[in-house]
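To start, the structure under review is shown below, and the notes come after it.
Every number in this text was worked out from the coordinates using simple rules, so none of it is lab data. Source: prediction; values computed, not measured. Cβ coordinates were reconstructed from backbone atoms using ideal geometry, including for glycine residues, and neighbour counts include every protein chain displayed.
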Amino acid sequence: MKIVKVFLILAVLCVPLVAFSSTIKVYDAFNSSSLTGWTSVSGNWRVLNGRLTQTDVNEKMAMITIPVDQSGIMMYEFDVKYIKGGEDNYAGFGIHILTGNPSMKRSWGNGRSLLGWVTWDPGQYGRPGAFIQVYESTGPTTMGLYRRIFPSSDPMRNGNLLPVRSDYLKTEFLNYTVPFRLQLDTRTGRGKFFDPFNSKKYFYSFDLGGPIRPGGYFSFRTNSVSVSIDNVKISKLD
């Protein structure tokens, strides 16, 4: 099933350990079923087999949130595994970072935040493939492509999507638990995704166009898909 290949993009989003001291702000291996500290905003989030799992494949705006101060050089780490969903030929998975005034009910946006989003949506974009997008949310009903790097409303015509190389979308990877590591400096807006198959080689570096406002919350969200997540670690690098 081609649709589920979208989640294999996460296999390319790894950052190696670097020579920074760090302060761990959040670490959760989901050893308890209580989801202490997390708020399930929408969707069906629970701990199953020691992993945070969103089970409702019909929910298009599933979200779960945890408070965590974020400023300076931040590292976001977790691993994710596809479970099911996407049979309607659409699926999405992402993280809201640097969130202020987060939404605490089902909503399109999520306070003031940035959303890193991986999408499979051939109906919208006219061809199959997985793409990375960055959205800016300013409230529960207002969210669009991040204008500093995506100035146009037509992402396909103006190249505002980062396509995932086909060699990272192999069907056999679907059963893998895929590590994700993202580094971002809020003071400059610069960050990195690294290749998990070669920790000294980055897959993609990016520039969000200048300083990013710090925030106090972090969220996972899904659209039309079930995934499980574990080993969530959010650190400030000094």
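Scoring 50-57, 39-46 by mean Cβ neighbours within 10 Å over their residues and listing the highest first yields 50-57, 39-46. Taking 0.36 nm per residue of separation and subtracting the Cα-Cα distance, full extension of the segment from R148 to T177 would add 7.1 nm. For the listed residue pairs K25/K60; K60/K105; K60/K84; K81/K192; K84/K233; K81/K233, the alpha carbons are over 18 angstrom apart in K25/K60; K81/K192; K84/K233.
FRET efficiency for the R106 to I83 pair, using the beta carbon distance and R₀ = 25 Å, is estimated at 0.75. Between S40 and S205, the simple label model (points 7 Å from Cα in the Cβ direction) yields a spacing of 4.2 nm.
Once the Cβ-Cβ distance of T188 and A29 is raised to the sixth power relative to R0 = 30 Å, the FRET efficiency obtained is 0.45.
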